[in-house]
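Report on the structure given below.
The values are calculated or read from the model by the stated rules, or taken from the named source; none is laboratory data. Here the structure is a predicted model, which means the values were calculated and not measured. Here the Cβ positions follow ideal geometry from the backbone for every residue, glycine too, while neighbour counts run over all protein chains shown. To get the accessible areas, we keep the full protein, side chains included, count just its heavy atoms, and leave off ligands, DNA and RNA. Shrake-Rupley method; radii C 1.70, N 1.55, O 1.52, S 1.80 Å.
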Amino acid sequence: MEEESVVELLQRYRRDRRVLLDFILSGSLIKKVVMPPGAVTLDDIDLDQVSVDFVINCAKKGHMLELSEAIRDYHDNTGFPQMNSAGSIDEFFLVTNPEYSGSPPRRAPPAIPASIPAPVFASSPVVSLASVTKSESFNSTEEQELTVDDIEDFDDDLDDEEVNSIRVSRHNSNDAADLVPKLPAFVTGISDDDLRQTAYEVLLACAGATGGLIVPSKEKKKDRKSKLMRKLGRSKSGSVVSQSERAPGLVGLLETMRSQMEISEAMDIRTRQGLLNALSGKAGKRMDTLLIPLELLCCISRTEFSDKKAYIRWQKRQLFMLEEGLINHAAVGFSESGRKASELRILLAKIEESEFRQSSAGEVQRAECLRSLREIAIPLAERPARGDLTGEICHWADGYHLNVRLYEKLLLSVFDILDEGKLTEEVEEILELLKSTWRVLGITETIHYTCYASVLYRQYVITREHGLLRHAIEQLKRIPLKEQRGPQERLHLKTLCSKVEGEELSFLQSFLSPIQKWADKQLGDYHLHFAEDSAIMEDVVLVAMISRRLLKEESEIAIQSTSDRDQVESYISSSIKTAFTRILHVVERSDALHDHPLAVLAEEIRKLLKKESSRFTPILSQRHPQAIVVSASLLHKLYGNKLKPFLDGAEHLTEDVVSVFPAADSLEQFIMAFITSVEGNPEANVRKLNPYQVESISGTLVMRWVNSQLGRILGWIERAIQQERWEPISPQQRYGSSIVEVYRIVEETVDQFFALKVPMRPSELNGLLRGIDNTFQVYANHVTDNMANKEDLIPPVPVLTRFKKEAGIKAFVKKELFDSRVPDEAKPSQINVQSTSTLCIQLNTLYYAITQLNKLEDSIMERWTAKKPREQFIKKSIDEKSSSFKQRGSFDGSRKDINAAMDHICDFTGTKIVFWDLREPFIENLYKPIVSQSRLEAIIEPLDTELNQLCAVIMEPLRDRIVTSLLRASLVRATAFF
């Protein structure tokens, strides 16, 4: 049984490999391979610990043939449907795409025999290469080897992380589906395995053209481990067998390629011998000028396959290659050869059908069809399509779609089969060897670098190995621009066009547009894809820019395509919007928010912008100097759209407003700081923004709050004055309690004002200061409201002083200027005059008010400075700045009114003491009819008593002021008396 059958069985019965393994281990094979020391029976073996080690040991100890026979016996004895013991018998697996499978067979299926005898593998002696004929099998006693895929399928206990680290690309190839070149699909449904095997056949033919193709003997094959098995046998420490163990020269390199491309030894030997036989008798013919699939069909017979199904698959692949290469994707039209194309299709179908006829009739039909096929296929293959480029006719496929896909399979061999994120040690030798296929496949330098870059980039996407990305960039840089290509290559590339989904694509567009679109997609959300490693982002940006530049040359409308700057701006716009949407969803769905969602969103945007500026902007600014301006402006707009409904609905300073407004204003200032930090014209960038106007709306709400608080203060003053008894609080605090209450509520209001964390302008502070200023003016006016008129306390001028000094000047004026009033005895009793102590307490209270006012003003200024009001980024005129807020003199109105009230009280107090309290000793004694009895000595003693009482209550700084008022009042009539 050949190796392909083993591989297929293991893959198709992957889900029941435990059952299959139990069957294999039940025989004697396990005793030869994994019987542990001291174990007597199979019951002593822990089957769960066998897994992949068993298969590897089979390979190492030369028991692969026995393993193949055991698998075959199990298959024949159990049948396919019963294999899946865990699932339904109706389940099945498709290994091809049903879309390309063609119409159902027209013949009836063969009858199922009652029992299928297991075929016996006859051991035949190894023959020399010279004696091998086409009718003899090259794998009747062949040593079978499993690939890495098969070993993994056999392993039950392999750790998931280990599997991922060893064969990432095998299980995650769909991650790079978007990077598959845009080429037409194969009509025949050729699989990747078909392409890989045909690519190896092309490689052998090209190597044979240089005389380096030999068929190794089976003894050497058995004695020499393949590179694959050497790698499978390497220790976990990572030690690899040195390159010196490989056979020297082209022989060893082809063996490496066989292992890398996972081609079985049987297929290798069969293909080598078939090519050598095809070249025999063709003197002067190069092997790489052969129509390879046709020659292999003619030179390899059914007897060289131990399994008929394997032969049918092999033959079908060769027929499909002929159809795809010569008919389906021909670069040169058929015109008069159209009839030959139809005949060719008929012959290909007859060859395939011949395998299901009787053996003799089938062989005759096959031989006749192959003869006719040669007559038609050779002229089709020799149509001159690339002769002007390579100097030779393409001898088997002139359409490039198949050729470049074959070349891709060859290029994939540069990756380490066990660590596909690394290149093999022989990568340079492999690439040099692949140049031998350029003539056959029509590969040029531009095509090579493009295909190699595509393969490397796709492998990077699968493995995420940064080194592959760097290597892909090197290949992209080597792709020559249009003016750097030769005339023949330009002409050749111009013919390489394909139509995919109605779109006409050139070669470079087919290969580079998927790379560009994948890079654009990644960069369209670089916050997600490059959150951990910005160095990779820098390389992906480079890939996008290089591929875009190359594709511009291919487009006829390159002038209309976007520049690098515009493209980077589109990356920023797309990624910022996507990142903002993610943040918005997280915030909206979070149930543990203590603050308003808009406040939390503002903080998250601040974090996003910090990350943008530190990690991504240095990369993007290399191609867009104002990258941070673009991202910051966009975030400002996105948040503003969410903020506007909240601002429109804000009417009072609620908890939500106090939470959102500061966060929004702080975010706006943070964004503007980034915008203004960019060289150029920052003011123009700021003017492009649509400001949130948080400060303006906040100012309106703050003024509403201030006005309500001021109204509350005025009401409090009314109550405090009404309840005031004008008694000193204590001997040390000789002022009324009302002023203390007034200051308490004012300071509480100031504290609440500065506790508001909403944005404020100087106008809001000015409003508060004006309100406080008005408060103390009202208080001062209330203190003096109930005070009597001092003129009511002063008696009329005595008769002796009935004339004023104007009477002497105006001697000729006969008008009498004397006061005709007479003392009214009833009037003084009706006047409400406060006591001297009350007037002193009021005076002390006003003095306390004006002294504390200075402290209050200084405190407010310090706190306002510490609050650091909003900085203005758009310059205002000096006049606007100077008039918007005055740092000092905010309470000048209060000071003026309080001082006026104090002067009024002092003046009234002096008049009251002289003309009310000292009325008898002062007025009656001085106004005696006899001049000799009117002397000042009579009032000195009572005046001294009043002064002592006055000074005992009044505060020290006010003594001189009140005494001066008293003396002034005492002299107001004394001058008239004298």
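Beyond a 26 Å Cα-Cα separation, which of these cross-linked pairs lie in this structure: Lys409/Lys499; Lys182/Lys482; Lys757/Lys896; Lys316/Lys435; Lys494/Lys517? Too far apart for the 26 Å limit: Lys757/Lys896; Lys316/Lys435. Spatially, the stretch 600-638 and the stretch 680-751 are offset by 40 Å when compared through their Cα centroids. Summing Lys and Arg as +1 and Asp and Glu as -1 over all other residues whose Cβ lies under 10 Å from the Cβ of His596 gives a net charge of -3.
Per residue, the solvent-accessible area of the stretch 260-323 (1.4 Å probe, heavy atoms of protein chains only, all protein chains present) comes to 29 Å².
What does the charge add up to near Met537, with Lys and Arg as +1, Asp and Glu as -1, over the other residues with Cβ less than 15 Å from its Cβ?
On the way: positive: Arg464, Arg470, Lys521, Lys611, Arg615, Arg623; negative: Asp520, Asp525, Glu532, Asp533, Glu538, Asp539, Glu612.
Summing Lys/Arg as +1 and Asp/Glu as -1 gives -1.
Count charges around Leu505 for me, please; just the other residues with Cβ under 11 Å from its Cβ, Lys/Arg as +1, Asp/Glu as -1. Net of charged neighbours comes to -2.
The length gained on full extension between Ala367 and Asp178, counted as 0.36 nm times the residue separation minus their Cα-Cα distance, comes to 63.7 nm. Remark: spin-label model distance Ala349-Arg712 equals 9.6 nm, labels positioned 7 Å along the Cα→Cβ axis. Of interest is the spacing of the C-alpha centroids, which for the stretch 498-558 and the stretch 943-969 amounts to 96 Å. Taking label positions 7 Å along the Cα-Cβ direction at both Asn899 and Ala866, the computed distance is 3.0 nm, reported to one decimal. Peptide packing: for 372-382, 451-461, 249-259, the average count of neighbouring Cβ atoms within 10 Å per residue gives the ranking 451-461, 249-259, 372-382, highest mean first.
Between Asp751 and Ser730, the simple spin-label model (points 7 angstrom out along Cα→Cβ) gives 2.0 nm.
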